[in-house]
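Asks: Here it is, the structure in full.
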Amino acid sequence: WYAMILTWVIVAIGWTVVLFMPNQYTASARVHVNTESILRPLMRGLTIEPNVQQRLLLLTRTLLSRPNLEKLVRNTDMDIQAKTKGQMDAILDNLASNISLRSSRGGENIYSFDFTSTNPKLAKDIVQNLLNILMESTLGQSRESSNSAQEFLERQLKDYETRLLKAEKNLQEFKQKNSALMPTLREGYFVSLQANQRNLSESQL
C-alpha cells in the first residue's frame, strides 16, 4: 500500500508538471544545398577536400554567423524584446542553440534544419527566414562566380590582345630591318639562299 500511495503521488506530481509545461512547436525543412558555391570562399587554399562532417560544420558556421542571426532577429521582430546589448546577445545565443542543422542520409548535399519554440508562428518564421538567407547566399555566390569568371575572361582577352599587337609590331620591325634577307612573294627562303650562295661564289671567283 505504501508503494501504491507513493506511485500515485509521483504520478500526480508528474502530470501536474506536464500540464503546466508550455507546448513546444518544431518547424523543420529539408533542402539541397550547393556547398560548392556557398563554401568556396571558406575552402580557398585547402589542399584536402573536406568530408561530409567538415562541410556540415562549415555550413553551420556560415549559416549561423553573427550577421545572419542578427538578420533573423530583425526579420522576425525578436529584436523588439531586447532593450540592451546584453539582452540582444542573450537572444542571439538562444536562437543559435535552438537551431539544429544536420546532414540527411538520403543523399549528398541534402541538409535538414529545424527550430523549436513555444510560439508556432515564430518557429515557422525562423525556418522560413533561414531558407531565404540560404537561397540569397547561394544566388549571391553564383552571381559573384559569374561576375568573377566574366572579369577573368575580359582580362585574358585584353592580355592576349596586347601580346598579339606587340608580336605584330616586333614582326613588322624585324621585316623592316631584314628586308634584304627576307624571302619574296615569288621565291621561298631556300631559293633565295641558293641565289645568294651563287652570287657569293661568283664574287669569290
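Asks: In sequence order, what are the phi-derived ³J(HN,Hα) couplings for the stretch 77-94 according to the Karplus relation 6.51 cos²θ - 1.76 cosθ + 1.60 with θ = phi - 60°, rounded to whole Hz, with x for glycine and proline?
Replies: Each residue of the stretch 77-94 in turn: 6, 6, 5, 5, 6, 8, 9, 10, 5, x, 5, 5, 4, 5, 5, 5, 5, 5 Hz.
Asks: Also, quick follow-up: Rg (Å, one decimal) plus Dmax (Å, integer) for the alpha carbons of the stretch 82-136?
Replies: 13.4, 44
Asks: How much length is gained on full extension from residue 166 to residue 116, taking 0.36 nm per residue of separation minus their Cα-Cα distance?
Replies: Net length gain for the segment: 11.4 nm.
Asks: Moving on. Among the lysines, which fall within straight-line cross-link reach of residue 121, defined as a Cα-Cα distance under 21 Å, with same-chain neighbours fewer than 8 residues apart omitted?
Replies: Of all the lysines, those that pass the test against residue 121 - Cα under 21 Å, at least 8 places apart if same chain - are 71.
Asks: Under a cut-off of 16 Å between alpha-carbon atoms, report the lysines in cross-link reach of residue 158, not counting same-chain residues fewer than 8 places apart.
Replies: Correct list for residue 158: 166.
Readers should treat all values here as calculations from the given coordinates under stated rules, not as data from a laboratory. It should be emphasised that the depicted structure is a prediction, and the values quoted were computed from it without experimental measurement.
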